[in-house]
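One structure is given below, encoded as structure tokens.
The values are calculated or read from the model by the stated rules, or taken from the named source; none is laboratory data. Fair warning: this is a prediction, and the values are worked out from it, not measured in the lab. Positions of Cβ are generated from backbone atoms using ideal geometry, with glycine treated the same way; all protein chains shown enter the neighbour counts. Accessible surface is based on the protein model in full, side chains and every heavy atom, while ligands, DNA and RNA are left aside. Shrake-Rupley method; radii C 1.70, N 1.55, O 1.52, S 1.80 Å.
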Amino acid sequence: MDQKKEHIIEAGRDIFERKGYYNTSMQDVAEACNISKATLYKLFRSKEDFSMAIICYMIEQMLCSIQQLMDTPQTSPLEMLKNCISERMTGFSARTHFINEFLSAQPFQQREKYLSYINKLSLDIFLLFQQIIMRAFDMDDENLAGELAMSLSGLLRETASITWRCQISLDRDVFMDYIIDSLQATLMIRKGKPVFLTPDVLNHFKTSCTDDMEKLKPFFMKKTLTHSLRDALDNYEKTEQVSCLNEAEELLKKLKAIEQKGTR
């Protein structure tokens with residue numbers, strides 16, 4: 001990602017977190033970045049697409065930071081787990097609130113499509129923490145580690161809901177001890193018992209996410225092609241160059257092909 005686009009995404013994230021999704025306009029973002037709204041729309045097709053770019057950026061940045069922590073020498077495996085959880089907690093409440101607000105603002109059909117993409121990102125986080133937990137507790141049982149990763153996600157979500165709603169902050173060290181104690185207690189109690197998160201269940205979840213992403217490809221491709229088509233027609237209006245019309249014609253053919261394929 002180029003620096004200009006990254007700067008705009010970071011500025012948009014800060015504004016959305018401060019003002020909320022509903023109260024933020026693309027004009028607000030353009031003014032904060034000292035660019036025109038037209039320039040912003042050339043980079044991002046809509047407020048919804050800009051929001052998804054922010055969500056993906058936030059999660060990818062977090063995953064990258066956590067991966068670096070995993071590869072950094074730590075005082076102990078548990079310390080590595082604490083640091084990874086701490087990194088995941090950074091901005092967790094604001095991130096979760098923004099995603100929920102964004103989804104609630106979408107019409108049902110659009111919401112389901114965006115939710116499928118967000119579920120895939122959540123799966124990536126889950127699988128990463130499954131591996132982190134296995135390393136931290138010296139486990140070889142992926143299924144039990146998956147249950148612990150699920151418990152961790154639930155604890156963080158509930159805490160995020162409370163801290164955001166009540167606008168309170170927690171003592172990070174005390175909260176971290178609580179999380180680790182909870183995971184260790186669950187591990188001791190569940191060890192040797194039948195797991196509910198069986199390989200079949202987890203594989204079904206992975207396959208479902210993959211299938212959803214395959215179904216979504218036409219949706220995102222159409223949005224990309226439509227945006228490019230508008231650009232081509234805008235350029236023709238400004239320059240009257242026939243090449244712009246030729247480009248628009250090719251883009252329109254691709255759009256029609258996707259539509260025809262979807263109606264079969």
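Some points to look at:
- Length added when fully stretched, VAL174-ASP124, from 0.36 nm per residue minus Cα-Cα: 15.3 nm
- Here the spin labels are modelled as points 7 Å beyond Cα on the Cα-Cβ line, and at SER86 and CYS64 they lie 2.1 nm apart.
- Placing dummy labels 7 Å off each Cα toward the beta-carbon, the span from HIS7 to TYR22 is 3.3 nm.
- Applying both filters, DSSP loop and at most 16 other Cβ atoms within 10 Å, to the chymotrypsin sites (Phe, Trp or Tyr not before Pro) of region 1-93 gives TYR22.
- Separation of alpha-carbon centers, region 86-131 and region 134-173, rounded to whole Å: 15
- Solvent exposure of region 55-131 as accessible area per residue, Å², 1.4 Å probe: 45
- Cα gyration tensor shape of region 31-148, rounded if a/c is under 1.5, else prolate or oblate by comparing a/b with b/c: prolate
- Measuring between alpha carbons in the structure, the pairs from LYS4/LYS82; LYS4/LYS261; LYS82/LYS191; LYS19/LYS113 lying more than 30 angstrom apart are LYS4/LYS82; LYS4/LYS261.
- The chain: calculated mean residue ellipticity at 222 nm from DSSP helix runs of at least 4, using -39500 (n - 2.57): -28500 deg cm²/dmol
- Note on GLN167 and GLN109: the model spin-label points, each 7 Å out from Cα along the C-beta direction, lie 4.0 nm apart.
- For the chain, a crude dipole built from +1 on the beta carbon of Lys and Arg and -1 on the beta carbon of Asp and Glu, taken about the Cα centre, is about 800 debye to the nearest 20.
- Here the accessible area of region 108-179 is 50 percent carbon and sulfur, with a 1.4 angstrom probe and all protein chains present.
- Considering only LEU255, ALA32, PHE92, and ranking their Cα positions along the charge dipole of the chain that arises from unit charges at the beta-carbon of Lys, Arg, Asp and Glu, the one farthest toward the positive end is LEU255.
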